[in-house]
Structure formats: C-alpha cells, structure tokens
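Undergrad: One structure, as structure tokens, below. Some questions next.
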Amino acid sequence: MIPIIFGLIIILIILIVAANVMQQHKDKLEAEKWSKIAKQKAIIDETEDIISNLKQLPENPALIEILYRRCFNAAKIIKQLKPELKNISQRITEFDSQLKLSVELALNKEVSTEAFILTDNEQQLIKVLQCIKKLRAILKSEQAKGIIDAPTFMKHDQSLDAIYLEINIENLLKRGIQAFNKEMIGSARQYFQKALQTLINHPIKSEYIEVKRNEINAKLKEIADLLKKTNTNDGKKKTKESEDNLDVLFEPKKKW
C-alpha cells in the first residue's frame, strides 16, 4: 500500500503543478488580452477627442471618415477579444452609423476653402496645433496599416501641413504688428524675420507663401527705413548738441 500511496501523492503533486502552470498561462493570456483592449480603447478615446476639436479647423468630411473608420476598426477588435464586454456592440453600431454618414458627406461635399480664422485665445491655438500634429501621426499610422493609400495620405498630410504653417505665420505676424504698434521695433523685427525664415525653409512652395513673403519683406523694409531715419535724426541731434556745447565753451566772455 505504501508504494501506491506514494504514487498517488506524486500524481497529485504533478496535477497541482500542471494546474498552476495552466492557470498562470491562462492569466497571462487574459492579461495580454486586456492590454490589447486597453490599447484599442486608447485609440478610440484619442480619435474621438480629435474629432471634437476638428470644428476649429476647415471642414473636411473625408478626414472625418478616416477617423470614424479608425474608431470602428478599434471597436471591432475589442469585440473579437472580449465579445461579452458591456456596450461594445452598441459602440460598434454607433461608429458604423457615423462612418456611413461621413462617407456620404465625403462623397457629396467638398473640403472647405474658407480662410482659417486665427483665434486670439492662446490655449485654443495650442490645442489646434496639437490636434494637427496628432492628426498627421494618425494618418501616417493608418497608411502603414494599409487603411489609406499613399495619394490619400499625401493629400491630407499636405493640407494639414499648410494649415499648421498658416497658424504659425499668422501668429508671428500678429505678434510682430502688436510689437510694432507699441514701438518695440527690435521685437517686431525678430518676429517678422522668424516668420520669413520659416517660409523660406518650408519645402512646399505655394501662393500663400509667396504672398506672405512679399508682405513680410515690406514690413522689414518699413522697419529698416524707420531705424535708418531714427539713426539719422539721432546723429543730427548729437551733432547739434555737440555744436551747442562748443559754442558755449568758446563764446566771448562777458565783462562785468
């Protein structure tokens, strides 16, 4: 009986160890599954946040379509990983409806050509710039996945790049004009020079860039002429003061 008992104990230990190994493997798979779900949820949250900020940019239905498709695909992956997850089916239905609507709008509505209105709110301006950066990163990611083709990526990326450039230039010009009006000529010149250099360094040349370069060059010429005039007047003033001092020094002494 003793060998049988020992045998049973050994078998029991093996079963316990095997059960622990299987449980650990199961826990690992579950953790990996939740990690993937968290990643897809972060994609949805980030994309929805960007969609909510798009109202501050020129209307672009085709871009919204790409973003809703991203949300829809992420929600489908979550359902594949965890079909029983609460509200996931409802979210998929919502994204599907929004995607179909955005596809219809993209087919029937052109991209807005209205001029971008620069907000005076510094915090909103920062949010817009951050939104554009995230959008360009998303487009690159979607192209890498094969969701959008190269021509579509280039079209949207260049459009966003143009808006980003316009925001930077208009902001620098606004600051330069404000400094000029406050007679802070040195600061105004720095803002205009920075804007001009940004335009010169930009790889894509456009009508906007050409117009703004001419505008900034005119501002810089105005500042240069003003400084030249100021320096001339200062020189004349100093010469006059020097002459007056010499006259006082060498004028005939009065006799009392």
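Undergrad: Since Leu227 meets every condition but one in (1) out of contact with any Leu (no Cβ under 7 Å at 6 or more places or on another chain); (2) at pLDDT 90 or above, which condition does it not meet?
TA: With respect to (1) out of contact with any Leu (no Cβ under 7 Å at 6 or more places or on another chain); (2) at pLDDT 90 or above, Leu227 is out only on (2).
Undergrad: Still on this structure, please answer the following. Go over the candidates Ala162, Ala188, Ala179 one by one and state the one that is surrounded by 15 or more Cβ atoms within 10 Å (Cβ to Cβ), without any contact (Cβ under 8 Å) to a residue 24 or more places away in the chain, small (Gly, Ala, Ser) and in a helix (DSSP H, G or I).
TA: The unique qualifying residue is Ala179.
Undergrad: Sort out which residues of the range 52-69 are in a helix (DSSP H, G or I) and surrounded by fewer than 18 Cβ atoms within 10 Å (Cβ to Cβ), and write them in order of number.
TA: If the condition is that a residue be in a helix (DSSP H, G or I) and surrounded by fewer than 18 Cβ atoms within 10 Å (Cβ to Cβ), then Ser52, Asn53, Leu54, Lys55, Gln56 are the ones that fit.
The values are calculated or read from the model by the stated rules, or taken from the named source; none is laboratory data. The structure displayed is predicted, hence computed values, not measured ones. Heads up, the Cβs are rebuilt from the backbone with ideal geometry, glycines too, and the neighbour counts pull from every protein chain shown.
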